[in-house]
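Visitor: I'd like to ask you about the structure that follows.
The values are calculated or read from the model by the stated rules, or taken from the named source; none is laboratory data. The model shown is predicted, which means the values in this text are computed figures rather than measured ones. Neighbour counts run over all protein chains shown; Cβ positions are idealised from the backbone, glycine included.
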Amino acid sequence: MVFSSILFLFYFLPFVLIVYFISPRKYRNFILLIASLFFYSWGEPRYIWIMIFSTVLDYTCGRLVHYYKGNKDQNKARLWLGVSVFVNLGLLGFFKYSDFIISNINEILGFSIPLLNLTLPIGISFYTFQTMSYTIDVFRGDTKVQNNIISFGTYVTLFPQLIAGPIVRYQTVAEELNQRTESYDLFSEGIKKFLLGLGKKVLLANNIGLLWNNISNQGISNIPVLTAWLGIFAFGFQIYFDFSGYSDMAIGLGKIFGLNFLENFNYPYMSKSITEFWRRWHISLGTWFKEYLYIPLGGNRRGRFKHIRNILIVWILTGIWHGASWNFALWGLFFGIILISEKLFLLNLLNRIPSCLARIYTLFLVLISWVIFAFDSIKDGLNYIRVLFGLGSVGVFNHTSLYMLYTNVLLFLILAIGSTDIPKRLWNRVNNRFNKISWVAENVFLFLVAVLSIAYLVDQSYNPFLYFRF
């Protein structure tokens with residue numbers, strides 16, 4: 001079940017909201033827990049036990065870590081922390097990477113070990129990192145232990161951000177899990193955020209995704225340069241509006257239930273360096289790797305060589321986190337090398353050139369990275385990059401590429417403006433000057449977004465969600 005579906009919008013969500021708000025406050029975490037387990041089991045009924053096991057494991061490990069730290073027994077506290085980390089990473093590794101490892105062993109050593117052909121449990125990359133971070137934070141003393149397994153289970157399984165994040169650290173919502181206040185203002189704010197995210201996903205990401213789907217299915221050797229560039233711009237916009245739209249819907253749903261999740265995107269395509277881009281894109285993932293891997297490795301505190309080593313480790317693992325394929329490792333390495341270059345000398349240069357040139361530099365590198373990301377085959381990705389620069393293409397453009405440009409130019413313009421803070425700044429100006437009129441205009445706009453999104457979903461033929469594969 002996904003947020004951008006008739007089933008969720010008209011059946012699941014209204015039913016959960018009614019039951020939740022008519023229930024006494026002391027039962028609301030339990031209602032959310034049951035609803036979340038049902039939400040997950042709708043798409044993955046046979047893997048619900050993995051989530052329940054992970055919840056019980058980390059709840060137990062958290063309690064034991066807290067107990068032994070209170071008794072000044074650091075070794076046993078560290079032991080139970082290790083159990084949590086080892087089992088969580090073991091589950092993630094088994095389901096996500098076992099076939100990848102087996103296939104590489106077969107190819108390198110000439111073996112014929114049969115693949116396990118396991119279905120990847122939806123959202124396992126997200127909720128595994130969440131539960132693991134809780135135990136680590138308890139060990140560090142960064143958060144209080146949760147003694148109520150219902151409350152902890154609610155945190156792990158929360159359906160608003162269960163499937164694709166944002167990755168919510170326990171300390172972010174710890175107080176709200178135990179005692180939160182739902183309000184009309186939060187509910188209203190949550191609905192607005194949810195509808196904007198729904199519009200991003202359904203009206204923008206899905207429509208530009210059709211163009212990328214069309215181009216990528218033509219065959220790399222059959223497309224001219226212009227078509228290739230239209231395709232990768234389309235993919236870049238699709239993945240941004242798809243994932244940021246889903247994150248906005250998750251944050252909006254959290255507000256409806258009185259939970260405040262941190263923002264996950266901050267106009268990344270406006271960045272003037274790759275360093276800045278990764279402070280703005282998928283913020284929760286970047287924060288997780290920084291807090292639980294980069295800093296524990298030593299960050300930038302142990303000399304230049306180890307600093308470079310730490311960046312490479314973090315970014316190769318960031319790439320592999322996205323998928324069990326060498327193209328993701330290459331994608332992570334690509335960004336790791338650029339980030340190292342920026343820290344060593346490029347940032348000083350970027351700070352001296354005009355902002356527009358710095359943004360072009362950043363966008364160019366991000367688009368090249370999306371080619372690596374989009375193709376599971378490294379060979380296909382490299383061939384696509386060659387076509388972008390006129391090598392191995394069938395020409396600069398043809399009638400089809402001109403038709404694609406002509407029929408999608410308005411959509412590209414909307415996407416380009418929508419990926420910046422221009423609409424937000426313009427809206428703030430209007431709101432400051434015409435408060436009453438802006439309130440009406442805002443609600444009319446949100447109503448239109450809702451109606452158009454629902455109309456699209458009723459007649460849907462193309463409604464993918466890219467981050468399900470991760």
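Visitor: Based on this model, can you work out whether Leu91 counts as under 23 Å from Leu293 (Cβ atoms), touching a Phe, Trp or Tyr at 6+ places or on another chain (Cβ under 9 Å), modelled with pLDDT of 90 or more and surrounded by 17 or more Cβ atoms within 10 Å (Cβ to Cβ)? Show your work before the answer.
Guide: Working: under 23 Å from Leu293 (Cβ atoms): yes; touching a Phe, Trp or Tyr at 6+ places or on another chain (Cβ under 9 Å): yes; modelled with pLDDT of 90 or more: yes; surrounded by 17 or more Cβ atoms within 10 Å (Cβ to Cβ): yes.
Judged against the criteria, Leu91 is a match.
Visitor: Just checking, does the range 123-135 include any residue being within 22 Å of Leu64 (Cα to Cα), among the hydroxyl-bearing types (Ser, Thr, Tyr), in contact (Cβ under 8 Å) with a residue 24 or more places away in the chain and part of a loop (DSSP other than H, G, I, E, B)?
Guide: No: zero hits.
Visitor: Here's another thing I want to ask about it. Among the residues of the range 34-48, are any farther than 29 Å from Phe243 by Cα and out of contact with any Phe, Trp or Tyr (no Cβ under 8 Å at 6 or more places or on another chain)? Give the steps one after another, and end with the answer.
Guide: So the first thing to find is which residues in the range 34-48 are farther than 29 Å from Phe243 by Cα, and the list is none.
Within the range 34-48, none of the residues are farther than 29 Å from Phe243 by Cα and out of contact with any Phe, Trp or Tyr (no Cβ under 8 Å at 6 or more places or on another chain).
Visitor: Which pairs have Cβ atoms under 9 Å, sit 6 or more apart or on different chains, and link a residue in the range 292-304 that is touching a residue at least 60 places away in the same chain (Cβ under 8 Å) to one that is surrounded by 14 or more Cβ atoms within 10 Å (Cβ to Cβ)?
Guide: Tyr292/Phe129; Tyr292/Met132; Tyr292/Ser133; Tyr292/Ile136
Visitor: Here's a follow-up. Given the structure, is Leu415 part of a helix (DSSP H, G or I), at pLDDT 95 or above, surrounded by 13 or more Cβ atoms within 10 Å (Cβ to Cβ) and touching a helix residue (DSSP H, G or I) at 6+ places or on another chain (Cβ under 9 Å)?
Guide: So Leu415 passes the test.
Visitor: For Gly110, state whether it is out of contact with any His (no Cβ under 9 Å at 6 or more places or on another chain) and either surrounded by 16 or more Cβ atoms within 10 Å (Cβ to Cβ) or modelled with pLDDT of 90 or more (or both).
Guide: It is false that Gly110 is out of contact with any His (no Cβ under 9 Å at 6 or more places or on another chain) and either surrounded by 16 or more Cβ atoms within 10 Å (Cβ to Cβ) or modelled with pLDDT of 90 or more (or both).
Visitor: Cβ contacts < 8 Å: first residue farther than 19 Å from Tyr240 by Cβ, restricted to the range 411-432; second residue of a type in the set (A, V, I, L, M) and surrounded by 13 or more Cβ atoms within 10 Å (Cβ to Cβ), any location; separation 6+ or different chain. Result?
Guide: Final answer for the pair search is Val430/Ala441.
Visitor: Please return the ranges of helices (runs of 4 or more DSSP H) entirely within the range 234-322 where 2 or more residues are under 29 Å from Arg28 (Cα atoms).
Guide: Working: elements: 274-280, 283-289, 304-322.
So the answer is 283-289.
Visitor: Within the range 376-389, does at least one residue satisfy the condition of being under 19 Å from the mean Cα position of the chain (by Cα) and modelled with pLDDT under 95?
Guide: Quick first cut of the range 376-389, residues under 19 Å from the mean Cα position of the chain (by Cα) only: 376.
Still in the list and also modelled with pLDDT under 95: 376.
Scanning the range 376-389 turns up at least one residue that is under 19 Å from the mean Cα position of the chain (by Cα) and modelled with pLDDT under 95.
Visitor: In the list Ile52, Ile48, Ile34, which residue meets the criterion of being surrounded by fewer than 18 Cβ atoms within 10 Å (Cβ to Cβ) and touching a helix residue (DSSP H, G or I) at 6+ places or on another chain (Cβ under 6 Å)? So that I can check it myself, show each step before the final result.
Guide: Numbers: Ile52 fails: touching a helix residue (DSSP H, G or I) at 6+ places or on another chain (Cβ under 6 Å); Ile34 fails: touching a helix residue (DSSP H, G or I) at 6+ places or on another chain (Cβ under 6 Å).
Going through Ile52, Ile48, Ile34 in turn, the sole match is Ile48.
Listed here are the residues, each with its yes/no results for (1) assigned by TED's automatic domain parsing to the domain that holds Thr131; (2) acidic (Asp, Glu).
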site	(1), (2)
Lys144	yes, no
Gln161	yes, no
Ile167	yes, no
Glu176	yes, yes
Leu230	no, no
Gly254	no, no
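Visitor: Another question, if that's okay. Since Gly82 meets every condition but one in (1) surrounded by fewer than 20 Cβ atoms within 10 Å (Cβ to Cβ); (2) closer than 30 Å to Ile113 by Cβ; (3) touching a residue at least 60 places away in the same chain (Cβ under 8 Å), which condition does it not meet?
Guide: (3)
Visitor: Could you tell me how many of the residues in the range 346-371 are surrounded by fewer than 16 Cβ atoms within 10 Å (Cβ to Cβ) and closer than 21 Å to Tyr294 by Cα?
Guide: 0
Visitor: If you go through the range 295-320 one residue at a time, how many are closer than 24 Å to Gly123 by Cα and buried (at least 20 other Cβ atoms within 10 Å of the Cβ)? Quick ask: steps written out before the conclusion?
Guide: Filtering the range 295-320 down to residues closer than 24 Å to Gly123 by Cα leaves 313-320.
Next, from what is left, pick out any that are buried (at least 20 other Cβ atoms within 10 Å of the Cβ): 314-315, 318-319.
Summing the residues that are closer than 24 Å to Gly123 by Cα and buried (at least 20 other Cβ atoms within 10 Å of the Cβ) in the range 295-320 gives 4.
Visitor: Looking only at the range 142-175, count how many residues are surrounded by fewer than 17 Cβ atoms within 10 Å (Cβ to Cβ) and either assigned to a loop (DSSP other than H, G, I, E, B) or not aliphatic (A, V, I, L, M) (or both).
Guide: 6
Visitor: Does Phe465 satisfy the condition of being within 22 Å of Arg280 (Cα to Cα), in contact with a helix residue (DSSP H, G or I) (Cβ under 8 Å, 6 or more places away or on another chain) and modelled with pLDDT under 95? Step through it out loud before you land on a result.
Guide: Numbers: within 22 Å of Arg280 (Cα to Cα): yes; in contact with a helix residue (DSSP H, G or I) (Cβ under 8 Å, 6 or more places away or on another chain): yes; modelled with pLDDT under 95: yes.
It is true that Phe465 is within 22 Å of Arg280 (Cα to Cα), in contact with a helix residue (DSSP H, G or I) (Cβ under 8 Å, 6 or more places away or on another chain) and modelled with pLDDT under 95.
Visitor: May I ask you to list the residues in the range 379-399 that are closer than 18 Å to Trp212 by Cα and surrounded by 13 or more Cβ atoms within 10 Å (Cβ to Cβ)?
Guide: Hits for the range 379-399 are Asp380, Gly381, Leu382, Asn383, Tyr384, Ile385, Arg386, Val387, Leu388, Ser393, Phe397, Asn398.
Visitor: Return the only residue of Trp212, Trp229 being of a type in the set (Phe, Trp, Tyr) and more than 24 Å from the chain's Cα centre (by Cα).
Guide: Details: Trp212 fails: more than 24 Å from the chain's Cα centre (by Cα).
Trp229 is the lone residue from the list that is of a type in the set (Phe, Trp, Tyr) and more than 24 Å from the chain's Cα centre (by Cα).
Visitor: When you look at Ser41, is it closer than 20 Å to Ala250 by Cβ, in contact (Cβ under 8 Å) with a residue 24 or more places away in the chain and within 25 Å of the chain's Cα centre (by Cα), yes or no? Spell out the reasoning first.
Guide: Details: closer than 20 Å to Ala250 by Cβ: yes; in contact (Cβ under 8 Å) with a residue 24 or more places away in the chain: no; within 25 Å of the chain's Cα centre (by Cα): yes.
Judged against the criteria, Ser41 is not a match.
Visitor: Follow-up. Using beta carbons and a limit of 8 Å, which pairs, at least six apart or on different chains, have the first residue in the range 253-268 and surrounded by 16 or more Cβ atoms within 10 Å (Cβ to Cβ) and the second one assigned to a loop (DSSP other than H, G, I, E, B) and aromatic (Phe, Trp, Tyr)?
Guide: Close Cβ pairs satisfying both conditions: Leu253/Phe3; Gly254/Phe261; Phe265/Trp281; Pro268/Trp281.
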